[in-house]
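Notes follow the structure.
The values are calculated or read from the model by the stated rules, or taken from the named source; none is laboratory data. Predicted model only: the values in this text are computed from it and were never measured. Because the Cβ atoms are built from the backbone with ideal geometry, glycine has one as well, and the counts that use them run over all protein chains shown. Side chains included, ligands, DNA and RNA excluded: accessible areas come from the protein's heavy atoms. Shrake-Rupley method; radii C 1.70, N 1.55, O 1.52, S 1.80 Å.
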Amino acid sequence: MEIAPGIHRIECRFGGNRMAYVHLFVGTEAVLLMDTCCAHNPHQDILPYMAQIGITPDRLTYIVISHSDLDHQGGCQPMKEAAPQAILLCHNLDRPWVEDTEALIAGRYMQFDTDHGYETSEETKQAFRHDTLSHVMDMTVEGGEHFRLSPDWYIELIHTPGHTWGHLALYDPRSKTMAANEAALWSSILDTDWNPALPPTYCYVDTYLSTIARLLSMDIETYSPAHWPVQRGTEVSDFLRESRNYCLHVESRLLTFAQEHGPFTLKEAVLQLGSQLGCWPDDSNDMLTFPFSGNLNRLTQRGLLSSGRSATGLMEWRSL
Ligand SMILES: [Zn+2]
């Protein structure tokens, strides 16, 4: 659907009941696609949508990857094959994981294995590989770049870290539209029926809160995120405030938990608090490792917790 003049929001389905919205900006001089979803989505969703609105792949000028995650970068290779002239780019900070599926799996999806006692099975790793066909970048950016899509239409890349270090959103000042992707993650990530599918996977809390503050200060009329409905008017600041408040709520729950318990591991915190922080399916509770570790690191930096090692060598935290 066209959410503002020249800005299309394309639904891409994956993983049974999940979807991610990618954005297509159509100007007279250039066409820009933001995100490619998973490996099968260019042929299943993106290219058919483009055909429907009369945009042949040879008109695609840029493919911007918003951040390093399989449901945003997984279709890079098939999209680049369909549009080899398109310049493929992402933020410099996310380049290592966007370009290399094995680095993404080891660095992002297995980051809680060694220090926190989780185990990523071979079957899960194979599923990640199946969904993610990465491709080298033609260039990297830092945020603040402008793309000229028509003689009188420029859009701007906004660096919005928090979910990843190099997360990018795209702002169109003409229609005051933000293609926001996962700059703010609300209180859960939603499925195709708008029910909670997983916890909000913010990771780096200081930058996440700064990103939300920056977005709150911008003039945004239409806010189009990757896994949530389009927000318009006053809904935009409601969505952003809910994202910030949820993150701060999790942080205060973790601090209380630390004060009431002895030393605890990440896994213990997820087991004890998981079901109280949202109503996604129980098997998604382990995804709380991402926000919890972000909040626990911040509480440690603020001097409210200390971190060390348990007798079995896992990381643990205690109240100070
Ligand atoms: Zn996503």
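On the stretch given as region 141-158, residues that are charged (D, E, K, R) and without any contact (Cβ under 8 Å) to a residue 24 or more places away in the chain total 3. For region 47-66, taking the residues that are of a type outside the set (Ser, Thr, Tyr), at negative phi and in a loop (DSSP other than H, G, I, E, B), the one that is least open to solvent (accessible area, probe 1.4 Å) is identified as 55.
Let's see how each residue does on (1) in the same structural domain as residue 10 (by TED's automatic domain parsing); (2) without any contact (Cβ under 8 Å) to a residue 24 or more places away in the chain; (3) not in a helix (DSSP H, G or I):
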{"residue": "220", "(1), (2), (3)": "yes, no, yes"}
{"residue": "223", "(1), (2), (3)": "yes, no, yes"}
{"residue": "237", "(1), (2), (3)": "no, yes, no"}
{"residue": "247", "(1), (2), (3)": "no, no, no"}
{"residue": "255", "(1), (2), (3)": "no, no, no"}
{"residue": "258", "(1), (2), (3)": "no, no, no"}
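For region 93-211, the strands (runs of 3 or more DSSP E) that sit wholly inside it and include 1 or more residues that are out of contact with any Lys or Arg (no Cβ under 8 Å at 6 or more places or on another chain) and away from the ligand (no atom under 16 Å from the Cβ) are 139-141, 146-150, 153-159, 168-172, 177-181. Within the option set 77, 44, being open to solvent by 70 Å² or more (accessible area, probe 1.4 Å) and either more than 16 Å from the ligand (Cβ to nearest atom) or not in a strand (DSSP E or B) (or both) holds for one residue only, 44.
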